[in-house]
Amino acid sequence: MGDKLLVSTRKGFFEVDRVAGRWQIGATHFLGDNVSIALADQRDGRRYVALDHGHFGVKLHRSNADGWEEIAAPQYPAKPEGHTEHDMWGRPLEWTTARIWALVPGGSDEPGTLWCGTLPGGLFRSRDHGTSWEIVEALWRHPKRTMWMGGGADLPGLHSVIVDQHNSRRVFIAVSTGGIWLTEDGGESWSQRGEGMRADHVPPELTHDPIAQDVHRLVQCPAAPDRMWVQHHNGIFVSNDEARTFTEIDPARVVSTFGFGVAVHPRDPDTAWFVPEIKDEKRIPSDGKLVVTRTRDGGKTFETLTEGLPQSHAYDVVYRHALALDDSGTRLAIGSTTGGLWVSENQGDSWSTVSHTLPPIYAVTFA
Amino acid sequence: MVKVVFTQNLQRHVACPETIVEAASVREALEAVFAANPRARGYVLDDQSQLRRHMAIFVDGRLIRDRAGLSDPVEESSTVAVFQALSGG
């Protein structure tokens, strides 16, 4: 059961501890700095924090016995001489790390391996606990990679990395926008997945093209890996065949088709949580009420969970990495753009407020 | 000899004391500094070894022109100042 939360915010990194049944802010780190995401590696206890210093670029820090040490940040390869590439706005695409948006441990059989997803779309791997990184060339050089576009950010962002628990060479990624991709040979080759998703922000020729899909978040049920859930820009999609094909959840069943995060129960593939927002051009909770929705039947029905969450003039947006579920499948946490942090200890039935006054929250994870 | 100075705001992350180097261009001056202080490189230059987008370098008070190649010449008595551009927020 997760007794500690790690919270990455616009202005620092916070530990939140369960003490005598109550959740309270404990140690703080990197106060004032922009923390885009963090990883608590359960294989060895190390922690990693990604910082964006703006002028000074993106940096990575790793915990050690003395606190923190700066380690190498993922670095894009030198652009080949004469190579020209433009982003969707016609500007030269800079091959430089603009943001770290995913930090994920490799399999249990590869203890030093970490995966790192970035903007503008590069996937990196470390085999030495982050001391050094190399870009996954086959993905970055994939001819279709240049068709990826910006989603929430100007640049394509690689936000979800899922390592197959039974075969560490199989890795799923998801990109906003660029859809879902899979390698089955440790990154040497990549193929697109995600038939059946639908994008309503592109012309009809592209609507059903897997590469045009703005996947906001991809998760897999560890005990039933065929089951994957997607919170997409314009819908919730569910797969029963490891993302080969998806079925759209009937929009009439949900509060809103728009949202960022999704979490799936570790043992029950039919149970999943979402944080709906008014779609797209507004991105605020419906009627000023922050809610979490839960399905327990694979998306046939959804419950709207409100107890303990603000139900008046709440404008909290919960980003894609800021909905967390612990390994027991019992405790949840959400962190918002307006600095609200809530924890549930009963699968979302009720929530307790940790804070209303944290900096804007980008990511929450149980440690 | 060329003097290289760095914005105070960088010192919080990585110590970059004023340094005297031999150089004929901004690139040579920075490379001389980074050879002795390699961690500073990534704070000033991006993955392509170009000046980071919101950084600014002045040579004797004038903004450099070649942000990618850093080929702007420096004189024997020049001061190279590595600063932040306010455009970075």
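Convex hull volume of the Cα atoms of segment A:177-274, normalised per residue: 96 Å³. Of the peptides B:55-64, A:221-230, the ranking by mean beta-carbon count within 10 Å, highest at the top, reads A:221-230, B:55-64.
For peptide B:44-51, the mean count of partner chain Cβ atoms within 10 Å of a residue's Cβ comes to 5. With a cut-off of 9 Å between beta carbons, the residues surrounding A:Met149 carry a summed charge of -2, where Lys and Arg count +1 and Asp and Glu -1.
Taking A:His321, A:His129, A:His86 as the candidate residues, the one with maximal mean-square fluctuation in a Gaussian network model of chain A, Cα springs under 10 Å, is A:His86. Largest GNM mean-square fluctuation among A:Asp87, A:Asp66, A:Asp214, using chain A with Cα springs under 10 Å: A:Asp66. For A:Thr304, neighbours were defined as the other residues whose beta-carbon sits under 10 Å from its Cβ, and their charges (Lys and Arg +1, Asp and Glu -1) total +1.
Across peptide A:45-55, the average count of Cβ atoms from other chains found within 10 Å of a residue's Cβ is 3.
Restricting the calculation to Cα atoms, the protein assembly as shown shows an Rg/Rh of 0.99 when the hydrodynamic-style radius is the Kirkwood one.
Excluding same-chain neighbours fewer than eight residues apart, the lysines reachable from A:Lys59 by a Cα-Cα span under 16 Å are A:Lys11.
Read-outs: derived from the displayed coordinates by stated rules, not from any lab. Computed from a prediction, not measured in an experiment: that's the story for all the values here. With ideal geometry, Cβ positions are generated from the backbone for all residues, glycine too; neighbour counts draw on all protein chains shown.
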